[in-house]
1. Just wondering, is there one or more residues in region 150-171 that are charged (D, E, K, R), surrounded by fewer than 22 Cβ atoms within 10 Å (Cβ to Cβ), out of contact with any strand residue (DSSP E or B) (no Cβ under 7 Å at 6 or more places or on another chain) and within 21 Å of E117 (Cα to Cα)?
2. Do any strands (runs of 3 or more DSSP E) entirely within region 1-100 hold 2 or more residues that are surrounded by fewer than 17 Cβ atoms within 10 Å (Cβ to Cβ), out of contact with any Cys (no Cβ under 6 Å at 6 or more places or on another chain) and at pLDDT 90 or above, and if so, which?
3. Tell me, which residue of region 121-146 that is among the small types (G, A, S) and modelled with pLDDT of 95 or more is farthest from K99 (Cα to Cα)?
4. I'm trying to understand the selection: among the residues of region 173-204, which are touching a Ser or Thr at 6+ places or on another chain (Cβ under 6 Å) and surrounded by 24 or more Cβ atoms within 10 Å (Cβ to Cβ)?
5. Looking only at region 179-201, count every residue that is farther than 17 Å from V23 by Cα and either among the charged types (D, E, K, R) or not in a helix (DSSP H, G or I) (or both) and tell me the total.
6. Using beta carbons and a limit of 7 Å, which pairs, at least six apart or on different chains, have the first residue in region 152-178 and under 26 Å from R6 (Cβ atoms) and outside any helix (DSSP H, G or I) and the second one of a type in the set (F, W, Y) and modelled with pLDDT of 95 or more?
7. Within region 109-120, identify whether any single residue is modelled with pLDDT of 95 or more, within 15 Å of the chain's Cα centre (by Cα) and either within 29 Å of P28 (Cβ to Cβ) or exposed (fewer than 14 other Cβ atoms within 10 Å of the Cβ) (or both), and answer yes or no.
8. Just a yes or no: is a residue in region 202-213 modelled with pLDDT under 95 and part of a loop (DSSP other than H, G, I, E, B)?
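The values are calculated or read from the model by the stated rules, or taken from the named source; none is laboratory data. Bear in mind the structure is a predicted one, so any value in this text is a computation, not a measurement. For neighbour counting, all protein chains shown are included, and Cβ atoms are generated from backbone atoms with ideal geometry for every residue, glycine included.
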Amino acid sequence: MSPIVREVTIGPCRLIQGDCMEVLPTLPKVDAVITDPPYGIGDRLTQGGKGQGCFGGMTQQASDWHIKPSSVVFEMLFAMSQNQMIWGGNFFALPPCDKPLCWDKIRPNQRNVSEWEYCWTSLCGRAEKFNYCANGGFVAREVREHPTQKPTPLIKWCLSFIQDAKTILDPFMGSGTTGVACIQTGRRFIGIEKEPKYFDIAVKRTQRAWDLKCSELPFEQVEPQKQTELFEEEVK
């Protein structure tokens with residue numbers, strides 16, 4: 001029986017619904033992994049003993065949080081990719097990190113939430129910081145649709161450190177931000193998500209990003225099927 005529950009291809013993106021521990025052994029090697037695994041710390045995210053965690057206006061039942069990934073998952077990621085960037089890497093028993101990354105959320109007045117997040121990387125070099133406001137949610141036109149969703153500019157910043165990486169994998173895809181960033185920077189993407197709700201959101205966001213990308217390309221560079229859709233839209 002296939003470990004893939006559903007699979008959707010959108011432009012250069014392959015989106016897979018399934019358990020990454022079962023799906024990963026079936027995939028080819030990739031250039032890099034950028035991901036934000038579930039922390040398995042639901043108890044830390046509850047407030048007032050009512051089983052609710054607050055994420056910038058969103059709430060999440062503590063029971064909905066996945067169990068923290070086992071070391072086997074990280075071993076697979078190291079084996080199948082040249083480089084890795086793992087957000088929340090401080091929650092996992094990972095090797096020493098030579099080049100950590102930090103997302104400064106610029107939220108000094110919110111004492112009940114973290115002011116920054118840590119990213120473990122396999123890269124070499126100096127530690128670096130990305131300043132991006134997350135006060136009260138996301139800015140610009142980005143809607144927060146997942147409790148730990150990362151802003152697209154943050155993931156594009158991560159991609160800037162691995163310019164030669166052509167295919168990116170996110171085994172904990174969530175709402176699909178890594179895929180959106182890959183489309184915007186001209187990369188191929190493979191995403192895996194277990195939860196149907198977030199898989200559907202990732203499909204929607206990826207399709208929207210791909211449609212926007214196609215609308216900005218010269219007509220001759222657009223896929224034939226998309227050319228027909230654009231032509232029919234123009235006729236209307």
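1. Initial filter on region 150-171 (charged (D, E, K, R)): 150, 156, 164, 166, 170.
When the remaining residues are screened for being surrounded by fewer than 22 Cβ atoms within 10 Å (Cβ to Cβ), the result is 156, 164, 166.
From what is left, the residues that are out of contact with any strand residue (DSSP E or B) (no Cβ under 7 Å at 6 or more places or on another chain) are 156, 164.
So of that shortlist, the ones also within 21 Å of E117 (Cα to Cα) come out as 156.
Yes, region 150-171 contains a residue that is charged (D, E, K, R), surrounded by fewer than 22 Cβ atoms within 10 Å (Cβ to Cβ), out of contact with any strand residue (DSSP E or B) (no Cβ under 7 Å at 6 or more places or on another chain) and within 21 Å of E117 (Cα to Cα).
2. Numbers: elements: 6-10, 13-17, 30-35, 52-55, 58-61, 81-87.
Because the criterion is at least 2 residues that are surrounded by fewer than 17 Cβ atoms within 10 Å (Cβ to Cβ), out of contact with any Cys (no Cβ under 6 Å at 6 or more places or on another chain) and at pLDDT 90 or above, the strands (runs of 3 or more DSSP E) in region 1-100 that meet it are 6-10.
3. Our first condition is that a residue be among the small types (G, A, S); within region 121-146, this holds for 122, 125, 127, 134, 136-137, 140.
Restricting the remaining residues to those that are modelled with pLDDT of 95 or more gives 122, 125, 127.
Working: S122: 7, G125: 5, A127: 5 Å.
The extreme case among them is S122.
4. Within region 173-204, the subset touching a Ser or Thr at 6+ places or on another chain (Cβ under 6 Å) is 176-177, 179-181, 188, 198, 201-202.
Selection gives G176, T177, G179, V180, A181, A202.
5. Residues that pass the stated criteria total 6.
6. I168/F189
7. Scanning region 109-120, I find at least one residue that is modelled with pLDDT of 95 or more, within 15 Å of the chain's Cα centre (by Cα) and either within 29 Å of P28 (Cβ to Cβ) or exposed (fewer than 14 other Cβ atoms within 10 Å of the Cβ) (or both), so the answer is yes.
8. No, region 202-213 has no match at all.
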